[in-house]
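Nothing in this text is a laboratory measurement; each read-out follows from the coordinates by a stated rule. Every value quoted in this text rests on a predicted model; they were computed, and no experiment measured them. Neighbour counts run over all protein chains shown; Cβ positions are idealised from the backbone, glycine included.
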Amino acid sequence: MCQLESIGDLVLRIQARPVQVVDAGDDSCLEDFGEPVLFRGMQRGWPAGTSWSADFFAERYGDAPVPVRSYPPGSEYEFSVERDTLGNYLNYWRETDPDPDCAGRRLYLAEWNFTRDYPELSDFFQIPALFSDDWIDRLPEQVRFGRMWLFFGEPGCSTGLHTDTFSTSAWLAMIFGRKALRLLHPSRSGALARGDSLWDEKTLSRILPDGDTGLLLEVVLGPGETLYIPGDWYHEVRNLDRNLMLTANFAEERRLLSFLERFESRLTEPLTRLRELRNEHVRRWRERECRTSELDSAEFRDRQLVWTDEVTAGLTDYRRTLTGLGH
Ligand SMILES: O=C(O)CCC(=O)C(=O)O
Ligand SMILES: [Fe+2]
């Protein structure tokens, strides 16, 4: 791989902890898993596994407008985004060899919100039961957002270190090909700086000064495997070969309050429904109807108190202004 040293070399020197592998069954519940987990067998019976190929998409969806990341020569992480058609993208696959050394420009079809334009493609997979309780479904329709994407992966094109929006969790289902991921426990997020990479030894020696590599996880995700990433885990993704991945974000109840706080901060006006969801969760927590919640942590409760104080302070000013205006 370009820029950073090859993954194979580094695995020997930096001891990241392998992500736990679990055979999917219907007896587990998401709250049994407190960190990223790789599930095998979760895509059993999905028509996507046998029918989704480059030819399948080129023949049926060649005209589809898609977002394409363009990585300049030498750059594994920096890109600009262009619009093109899926057909042109797949022609690029057909006509060029993979370029893992980043000698030339590479193209990565990332974050195609495909079900919005082609809902029939939803018939090719099922949202795994473990991830199906998504509190975003309970938001009012006008603020609900698309959160399921296809990625046609290209070696030498990586997605830099990030957390997913609004503290949402994610599942990443590999249809064909492979990706490598490194993930960092949220307790070390504060140590990160711009430009850091979890494959960079300098970054690692700074963010894990005690050599506590239990906080750094690594996985190679292969065909038929599905990775669960809980919200607020920083992760970095490298494509090992040409691949296809289906991925979705969702808001799980045990992280609902973080989701609502982040989501609400992006809205231009308050939504009563968000307050209702929050109150519903607090009630369920007090009545022990949910197994775990961010409210179990006193530190989290203190931070929420500061935040609600700020919100109320904002309203107090507003109220004062209104009062000053008289009737
Ligand atoms: O596969 C990738 O390049 C990035 C996947 C990911 O982490 C995301 O979409 O948030
Ligand atoms: Fe992500």
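Per-residue ellipticity at 222 nm for the chain, helices alone: DSSP H runs ≥ 4 residues times -39500 (n - 2.57), over residue total, nearest 500 deg cm²/dmol?
-8500 deg cm²/dmol
How large is the dipole of the stretch 130-289 about the Cα centre if only Lys and Arg carry +1 and Asp and Glu carry -1, each at its Cβ, rounded to the nearest 20 debye?
Roughly 200 debye for the stretch 130-289.
How big is the Rg/Rh ratio for the stretch 205-327, C-alpha atoms only, Rh by Kirkwood, two decimals?
That ratio equals 1.10.
When all C-alpha to C-alpha distances in the stretch 255-325 are sorted into bins of 5 Å, what percent of pairs does each bin hold, rounded to whole numbers?
For the stretch 255-325, the binned pair fractions read 3, 14, 21, 24, 16, 10, 6, 3, 1, 0 percent.
Would you mind giving the average projected area, over all directions, of the Cα convex hull of the stretch 177-256 in nm² with one decimal?
The number I arrive at for the stretch 177-256 is 6.3 nm².
Putting +1 on Lys and Arg Cβ atoms and -1 on Asp and Glu Cβ atoms, find which of Trp199, Ile175, Ser187 reaches farthest to the positive end of the dipole of the chain.
Positive-most Cα among the choices belongs to Ser187.
Counting Lys and Arg as +1 and Asp and Glu as -1, each charge on the Cβ, what is the dipole of the stretch 56-150 about the Cα centre in debye, to the nearest 20?
Once rounded to the nearest 20, the dipole reads 160 debye.
Normalised radius of gyration for the chain, please: alpha carbon Rg relative to 2.2 N^0.38 Å, two decimal places.
1.09
Rounded to the nearest 5, what % of DSSP beta bridges with both residues in the stretch 7-252 are antiparallel?
Counting only bridges with both partners in the stretch 7-252, antiparallel ones make up about 90 percent.
Taking +1 at the Cβ of each Lys and Arg and -1 at the Cβ of each Asp and Glu, which of Phe152, Phe263, Met42 sits farthest along the dipole of the chain towards its positive end, judged by Cα position relative to the Cα centre?
Phe263
With a cut-off of at most 13 other beta carbons within 10 Å, and DSSP calling the residue loop, which trypsin sites (Lys or Arg not before Pro) in the stretch 113-171 qualify? Please list them.
When the trypsin sites (Lys or Arg not before Pro) of the stretch 113-171 are filtered for loop state and at most 13 Cβ neighbours within 10 Å, Arg144 remain.
When only Cα pairs under 8 Å and 6 or more residues apart are kept, what is the percent relative contact order across the chain?
Averaging sequence separation for qualifying contacts and normalising by length gives 21 percent for the chain.
With the dipole of the chain worked out from charges on the C-beta (+1 for Lys and Arg, -1 for Asp and Glu) around the Cα centre, which of His235, Ser51, Trp307 lies farthest toward the positive end?
Of His235, Ser51, Trp307, it is Trp307.
Taking the Cα centre as origin and putting +1 on Lys and Arg beta-carbons and -1 on Asp and Glu beta-carbons, what dipole magnitude results for the stretch 7-252, to the nearest 20 debye?
Magnitude of the dipole: close to 420 debye.
Please state the relative contact order of the stretch 193-327 as a whole percent: Cα pairs under 8 Å, 6+ residues apart?
Dividing the mean separation by the residue count of the stretch 193-327 yields 14 percent.
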